[in-house]
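In what follows, a single structure is set out as structure tokens and then discussed.
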Amino acid sequence: MKRSFLFLSLFFSVCVYAQTDVVPKKPSLAEGLVLDQTNTLTPEQLATLRQKLIAYDNSTSNQIAIVIIQSLKGNSIEDVALQIGRDWGVGGQVEKDNGIVILVAKGDHKMRIEVGYGLEGAVTDYVASSIIQNTLRPNFKEGNYYRGLTEAVD
């Protein structure tokens, strides 16, 4: 029994450690909940997205974070998106869990919309998948990341 517990503790510690080098630090308050580590978006596009997300937060108390990283470094996109939501406190209100993380791993060609429990009724798995398939993916294939992200937020 002790060996099983020790193994599981070690296993989960390794998993958490592996994710911490992928999960970016929360941006400053001035940067809002938009982080582009790949320099894919122009400064103007970043500013426009930040303003849009701040206005959305102020009018609904729900939060959306957009994160663009180069690579997941072998981690699952689901785990990384979930960890970003937790580490950053996306949603702002723990009891409501009303945040969404849009994660793009550009070099891995992967994307994920992670939805907090408080918004699962509004943004179901079907809706999130539809946004990825019909909005993000086609725009990204054309090289228009900004349009894809702004339409996804809308």
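Just so you know, all these numbers are worked out from the coordinates, no wet-lab data involved. Fair warning: this is a prediction, and the values are worked out from it, not measured in the lab. Glycine gets a Cβ as well: all are built from the backbone with ideal geometry, and neighbour counts include every protein chain shown.
Report the net charge of residues surrounding Gly74, where surrounding means a beta-carbon distance below 13 angstrom and charges are Lys +1, Arg +1, Asp -1, Glu -1. The partial results should precede the final answer.
Numbers: positive: Lys73, Lys110; negative: Asp21, Asp79, Asp108.
Here the count lands on -1.
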Between Arg86 and Ser130, the two model label points (7 Å from Cα along the beta-carbon direction) sit apart by a distance in nm of 3.0 nm
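Gain in length, Ser28 to Arg137, computed as 0.36 nm per residue apart minus the alpha-carbon separation, to one decimal in nm? Display every interim value, and only then the final one.
Working: separation 109, 0.36 × 109 = 39.24 nm, distance 2.84 nm.
Working it through step by step, the gained length comes to 36.4 nm.
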Lysines within cross-link reach of Lys52: Cα-Cα under 27 Å, excluding same-chain residues under 8 positions apart? Lys25, Lys26, Lys96, Lys106, Lys110, Lys141
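Per residue Cα convex hull volume for region 96-154, in cubic angstrom? Walk me through the numbers on the way to the answer.
Details: hull volume 4.3 nm³, N = 59.
For region 96-154, the hull spanned by Cα atoms encloses 73 Å³ per residue.
Determine the gain in length on full extension of the stretch Thr38-Glu78; use 0.36 nm per residue of separation and subtract their C-alpha separation, reporting nm with one decimal.
On the way: separation 40, 0.36 × 40 = 14.40 nm, distance 1.97 nm.
Contour length minus the Cα-Cα distance gives 12.4 nm.
Stokes-Einstein at 10 °C, 1.306 mPa s, Kirkwood radius from Cα pairs: D for region 35-154 in µm² s⁻¹? Don't skip to the answer; put the middle values down first.
Numbers: Rh = 14.4 Å.
The estimated diffusion coefficient comes to 110 µm²/s.
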